[in-house]
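Reviewing the structure listed below.
The values are calculated or read from the model by the stated rules, or taken from the named source; none is laboratory data. Everything quoted here is computed from the prediction, not taken from an experiment. Here the Cβ positions follow ideal geometry from the backbone for every residue, glycine too, while neighbour counts run over all protein chains shown.
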Amino acid sequence: MHTLKTRQDSSLDGISGAVLTPGTAGYDAARSVWNAMIDRRPKMIVRCRNADDVIAAVGHARAKGLPIAIRAGGHNVAGHAVCDDGMMIDLSEMRAVTVDPARRIASVEGGALWRDVDAATQTHGLATPGGLISDTGVAGLTLSGGIGWLRARHGLSIDNLVAADVVTADGSLVHTSADQNPDLLWALKGGGGNFGVVTRFEFALHPVGPEVMFAAPIYAVEDGPGPIRAWRDFLARHGDLVGSLCEFSTAGGEDFPEEYQGKRVYTLACVYNGDAAEGEALLQPLRELGEMVADFSGRMAYCDLQQLFDTLMPAGDFRCYWKARYLTELPNEMIDLAMKNALAAPSDTTLSSLWNFGGATAQVAPDATAFGDRSMGWMYSLDAVWTDARDDAANIAWSRDGWDSAAAFGQHGRVYLNFPGHGEDGDDLTRSTFGANYQRLVEIKTKYDPENRFRFNQNIEPEQ
Ligand SMILES: Cc1cc2nc3c(=O)[nH]c(=O)nc-3n(C[C@H](O)[C@H](O)[C@H](O)COP(=O)(O)OP(=O)(O)OC[C@H]3O[C@@H](n4cnc5c(N)ncnc54)[C@H](O)[C@@H]3O)c2cc1C
């Protein structure tokens, strides 16, 4: 293994970031993450400012026998960014992004948010596929796949990951690319935070925008599944250029007519992965599928699109339990089930969605990335979102029951590991999701993290 850097002593002396312990100023703010249900107390939080700090932190954790949780954006709904008793490595001060427009490569520090990447890359008319909310961390989203609007033409986030710098469990900084330590790059493409702390990512960039076409006609659930069926058939023809989800929600606020307030609705949200004017014409039929409740369609700057949903999901306000499974196809029966589940949601802030795949995402071979099989046509996600702790059981049950109810339409029990519930399923879902790639991941985990120091994730246990 080619190593860039190590450190001989295991102290935290001389690091440039802060070390927070229970009772010190800032400790409670630093241990809070996006999901308000998560309340964990690390023994220490090391707020790293650079790769040297991360090397020191990992070396210190190793010497003290502490397990390590890694925080980037803190959006993981299971709260994997923070642990009880161990060390939390907090990368939220490592957000720099630099762009080489000639090579079309972005270099992104391990704690960056998608808004950092979008702002830096769009300056050059470029982008790489990220998520739908701009304050989600690049690291967590990428390491388990990364599903965003640009997936139709440019694939998942991992399909654009070309290199990374990683501090592994022995405290050394390692570079991985197609030429150096390629096994590690393969594992990072879907294997989660199992292999070390990624201090820097390199992503391939593509010309995008600055203006893109976003279609968002909204129809009422009570008016039936007709528009969803038409949308599904439309995507069968145009899924190579349209990243989309049908999102069930509850109408509320001044953007919705009085007669629909409090009613369940669905948005056929689509982004055309190409010229905005061309997209506007192509997506127009989706806005003519019946009586719309509202229509949020329009051409907009790519950076605005990437922040459009941010206010729906403010950090720390909500209690959350999210699950998702891949679907082989989207038959009418599955659409009916999604509508029934949406009507049964106990909370009005809850969302559930049908996401399309295909296009560039589907063109990657199952063994080319740890993520695995790309033949899923769709994903069904159930995002229970509520505020009162007394409603925990009802909301968690809704998400789990809805997820169970769709099992017959699922793809070999495979799930999206970035929407993992609260991790109570053990490693069954991890194994079934990685399928034939699981054993190779175990071997790479055993090589880079034999003591399972990085275990707060969709854990792949090393061989004993
Ligand atoms: C509001 C919201 C919107 C979302 N939208 C999308 C979406 O559009 N598309 C999508 O695919 N997913 C989406 N997700 C899911 C998201 O991808 C996951 O929650 C992901 O884990 C978040 O990454 P993070 O860096 O913010 O999380 P964190 O909680 O900071 O970390 C998540 C995991 O990654 C590991 N990790 C973090 N940083 C590093 C690092 N530098 N090196 C190694 N391991 C690391 C952690 O150990 C942890 O296990 C969304 C989540 C939320 C809450």
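Descriptive notes on the structure:
- Qualifying strands (runs of 3 or more DSSP E) (wholly inside the stretch 113-207; at least 3 residues being near the ligand (Cβ under 8 Å from one of its atoms) and small (Gly, Ala, Ser)): none
- Checking the stated criteria, Pro101 turns out to be touching a His at 6+ places or on another chain (Cβ under 6 Å) and over 22 Å from Gly421 (Cα atoms).
- Taken as a whole, the structure leaves Arg319 outside the set of residues that are within 16 Å of the ligand (Cβ to nearest atom) and touching a Gly at 6+ places or on another chain (Cβ under 8 Å).
- Residues satisfying the stated conditions in the stretch 102-127, i.e. among the β-branched types (Val, Ile, Thr), touching an Asp or Glu at 6+ places or on another chain (Cβ under 9 Å) and surrounded by 24 or more Cβ atoms within 10 Å (Cβ to Cβ): Val108
- Lone unmet requirement of (1) in the same structural domain as Asn35 (by TED's automatic domain parsing); (2) of a type in the set (S, T, N, Q); (3) away from the ligand (no atom under 11 Å from the Cβ) for Ser107: (1)
- Residue match in the stretch 24-41 (condition: of a type in the set (Val, Ile, Thr), out of contact with any Gly (no Cβ under 6 Å at 6 or more places or on another chain) and over 13 Å from Asp90 (Cα atoms)): yes
- Residue match in the stretch 410-429 (condition: modelled with pLDDT under 95 and assigned to a helix (DSSP H, G or I)): yes
- For the stretch 55-77, the criterion of being in contact (Cβ under 8 Å) with a residue 12 or more places away in the chain, of a type in the set (D, E, K, R) and within 11 Å of the ligand (Cβ to nearest atom) is met by at least one residue.
- Residue count for the stretch 373-407 satisfying the condition of being surrounded by 21 or more Cβ atoms within 10 Å (Cβ to Cβ) and over 21 Å from Phe248 (Cβ atoms): 0.
- Per the conditions (1) buried (at least 18 other Cβ atoms within 10 Å of the Cβ); (2) closer than 19 Å to Ile335 by Cα; (3) of a type in the set (A, V, I, L, M), the sole criterion not satisfied by Leu417 is (2).
- For Gly262, the requirement of being assigned to a loop (DSSP other than H, G, I, E, B), surrounded by fewer than 22 Cβ atoms within 10 Å (Cβ to Cβ), more than 16 Å from the ligand (Cβ to nearest atom) and modelled with pLDDT under 95 is not met.
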